[in-house]
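The values are calculated or read from the model by the stated rules, or taken from the named source; none is laboratory data. This is a predicted model, so every value here is computed, not measured. Positions of Cβ are backbone-derived with ideal geometry, glycine not excepted, and every protein chain shown enters the neighbour counts. For the accessible areas, the whole protein counts, side chains as well, though only heavy atoms, and no ligand, DNA or RNA atoms are used. Shrake-Rupley method; radii C 1.70, N 1.55, O 1.52, S 1.80 Å.
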Amino acid sequence: MRFSTIVALVTSAALVSATPYPESDGTLIARAADGNVGLAKRSGCGSTGPLGDGHYIWWIDVSCKPGDQKTCQVTDKTGCLPGDTSKIGSVEVDDINDTNQIAKKSGTNTVPFTCPAGGKIRCQANFNDNDDGPSYSLRVF
C-alpha cells in the first residue's frame, strides 16, 4: 500500500514538472523599451499587467488564427475595464512576422484588427507619459 502511494506521488510530481509554463506563447509577458524589460504579471479578464513605469511603450505578443477578427485593448489596472484614454497616446497592432502595422488609433483604448496570415501580432500601448503604465493592463480578445 505504501509503495503504491509513493509511486503515485512521484508520478504526479513528474507530470507537474513536465507541464509547460503558459508563458511560452508570449501572452503573459508585457515588454517595454527595446524588449529587454519584461513583466509577467496577470491581471483579471485575460489581461497582462498592471504594467510598470519608466517607459512610454508597452506591448504583448499574441498568437491568433489568421483571418479572425480580434481586438487589442488597453484596460485599467484590474484588466477588466477599458482604460482611461486621457493618458493613452495611441494603441497599435503590428504583424510580428514582417513588422507591418495592421491598425493604429489615437485617443482610444481599443483597436479592432484582422489576424494576419502569419498568426502572430503585437498589441501595443503608447502612453503620453513614462509613468502611466502602472494604471493599465493589455489584452487581446
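Observations on the structure shown:
- Any chance residue 92 is open to solvent by less than 80 Å² (accessible area, probe 1.4 Å), at pLDDT below 75 and not in a loop (DSSP other than H, G, I, E, B): no
Quick grid of which residues meet (1) aromatic (Phe, Trp, Tyr); (2) touching a Cys at 6+ places or on another chain (Cβ under 7 Å); (3) within 21 Å of residue 33 (Cα to Cα):
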| site | (1), (2), (3) |
| --- | --- |
| 55 | no, no, yes |
| 63 | no, no, no |
| 72 | no, yes, yes |
| 88 | no, no, yes |
| 91 | no, yes, yes |
| 109 | no, no, yes |
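- Residues of segment 111-129 satisfying the condition of being in a loop (DSSP other than H, G, I, E, B) and in contact with an Asp or Glu (Cβ under 7 Å, 6 or more places away or on another chain): 115, 116, 118
- Taking every residue in segment 105-129 that is open to solvent by less than 20 Å² (accessible area, probe 1.4 Å) and of a type in the set (Gly, Ala, Ser) and pairing it with any residue that is modelled with pLDDT under 95 and in a loop (DSSP other than H, G, I, E, B), at least 6 positions away or on another chain, the pairs with Cβ-Cβ distances below 8 Å are 125/51.
- Verdict on residue 43 being farther than 13 Å from residue 123 by Cβ, surrounded by 15 or more Cβ atoms within 10 Å (Cβ to Cβ) and not basic (Lys, Arg): yes
- Within segment 23-40, if we keep just the residues that are in a helix (DSSP H, G or I) and surrounded by 11 or more Cβ atoms within 10 Å (Cβ to Cβ), the residue that is modelled with the highest pLDDT turns out to be 25.
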